[in-house]
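Here is the structure we will look at, set down as structure tokens.
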Amino acid sequence: MRVELFGLTMETTGVTFYLWSPWRCSLLEHKLFEALKVVPNATLEAAPDELRLHITEQKGWKTASQNLSRVLKGWQEEASDAAKDERRAWRWLLEADVDASGFDMQGERSSFWAYLRLAIEYGGPGELDKGEDLDLNGFGIQVWGHRE
């Protein structure tokens with residue numbers, strides 16, 4: 001399966017979306033995960049403290065990334081409707097951490113992780129810009145490496 005994230009292309013066996021500690025997640029994190037539940041041929045796995053959604057098909061990834069973008073663009077547009085002096089942006093943070101043998105700290109094969117960082121800026125013309133960055137710690141995407 002080929003995963004494309006804004007021009008970055010990776011070959012993978014599958015992708016897993018996580019919602020960690022759902023009782024502590026923000027409404028936006030829940031909206032992101034809910035938008036993924038309609039992806040065809042996705043497998044939902046519920047654990048006591050997290051939800052996982054597995055996708056192993058190209059069409060599923062494309063649908064998932066489009067749904068995530070729609071939710072994030074809607075969140076971004078809410079600021080322009082509510083207050084004229086608030087601007088919102090979002091970006092993907094990619095992370096990978098492996099040892100010399102290609103395993104992560106839990107003994108799993110290597111994989112890429114994608115997390116979301118939100119930026120909220122306040123201030124109008126003639127005012128000092130104030131802003132903050134927020135990491136969505138309850139939502140993550142794991143792009144699996146090839147298994148042996």
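The values are calculated or read from the model by the stated rules, or taken from the named source; none is laboratory data. Predicted, not measured: the structure shown is a model, and the values here were computed from it. No Cβ is skipped: glycine too gets one built from the backbone with ideal geometry, and neighbour counts run over all protein chains shown. We work out accessible area using only protein heavy atoms, side chains counted, and drop any ligands, DNA or RNA first. Shrake-Rupley method; radii C 1.70, N 1.55, O 1.52, S 1.80 Å.
Would you say Gln76 is open to solvent by 50 Å² or more (accessible area, probe 1.4 Å), polar (S, T, N, Q) and over 18 Å from the mean Cα position of the chain (by Cα)? Spell out how you get there, then give the answer.
Numbers: open to solvent by 50 Å² or more (accessible area, probe 1.4 Å): yes; polar (S, T, N, Q): yes; over 18 Å from the mean Cα position of the chain (by Cα): no.
Here the answer is no, as Gln76 does not meet what is asked.
I'd like the residue in the stretch 11-39 that is among the polar types (S, T, N, Q) and crowded, with 16+ Cβ neighbours inside 10 Å and, out of all such residues, is modelled with the highest pLDDT. Walk me through how you get there before you give the answer.
First, the residues of the stretch 11-39 that are among the polar types (S, T, N, Q): 12-13, 16, 21, 26.
Filter once more, keeping what is crowded, with 16+ Cβ neighbours inside 10 Å: 12, 16.
Details: Thr12: 91, Thr16: 95.
The selected residue is Thr16.
Taking the stretch 40-63, which residues are out of contact with any strand residue (DSSP E or B) (no Cβ under 6 Å at 6 or more places or on another chain), surrounded by 13 or more Cβ atoms within 10 Å (Cβ to Cβ) and either among the small types (Gly, Ala, Ser) or not in a helix (DSSP H, G or I) (or both)?
Once the filter is applied, which keeps residues that are out of contact with any strand residue (DSSP E or B) (no Cβ under 6 Å at 6 or more places or on another chain), surrounded by 13 or more Cβ atoms within 10 Å (Cβ to Cβ) and either among the small types (Gly, Ala, Ser) or not in a helix (DSSP H, G or I) (or both), the stretch 40-63 yields Thr56, Glu57, Gly60.
Going through the stretch 19-42 one residue at a time, which ones are closer than 23 Å to Thr9 by Cα and either in contact with a Leu (Cβ under 8 Å, 6 or more places away or on another chain) or touching a residue at least 24 places away in the same chain (Cβ under 8 Å) (or both)? Step through it out loud before you land on a result.
If we filter the stretch 19-42 for residues that are closer than 23 Å to Thr9 by Cα, which is where we start, we get 32-33, 35-36, 39-42.
Scanning the stretch 19-42 gives Leu32, Phe33, Ala35, Leu36, Val39, Ala42.
With the checklist (1) closer than 24 Å to Glu78 by Cβ; (2) open to solvent by 50 Å² or more (accessible area, probe 1.4 Å); (3) under 16 Å from the mean Cα position of the chain (by Cα) in hand, flag the one item Glu4 doesn't pass.
Against the list (1) closer than 24 Å to Glu78 by Cβ; (2) open to solvent by 50 Å² or more (accessible area, probe 1.4 Å); (3) under 16 Å from the mean Cα position of the chain (by Cα), Glu4 comes up short only on (1).
Would you point out which residue out of Asp133, Asp99 is part of a strand (DSSP E or B) and either on the phi > 0 side of the Ramachandran plot or without any contact (Cβ under 8 Å) to a residue 60 or more places away in the chain (or both)?
Details: Asp99 fails: part of a strand (DSSP E or B).
Just a single option satisfies the conditions, and that option is Asp133.
What is the number of the single condition among (1) over 19 Å from Glu11 (Cα atoms); (2) under 20 Å from the mean Cα position of the chain (by Cα); (3) at pLDDT below 95; (4) not basic (Lys, Arg) that Glu95 does not meet?
Only one criterion in (1) over 19 Å from Glu11 (Cα atoms); (2) under 20 Å from the mean Cα position of the chain (by Cα); (3) at pLDDT below 95; (4) not basic (Lys, Arg) is unmet by Glu95, namely (1).
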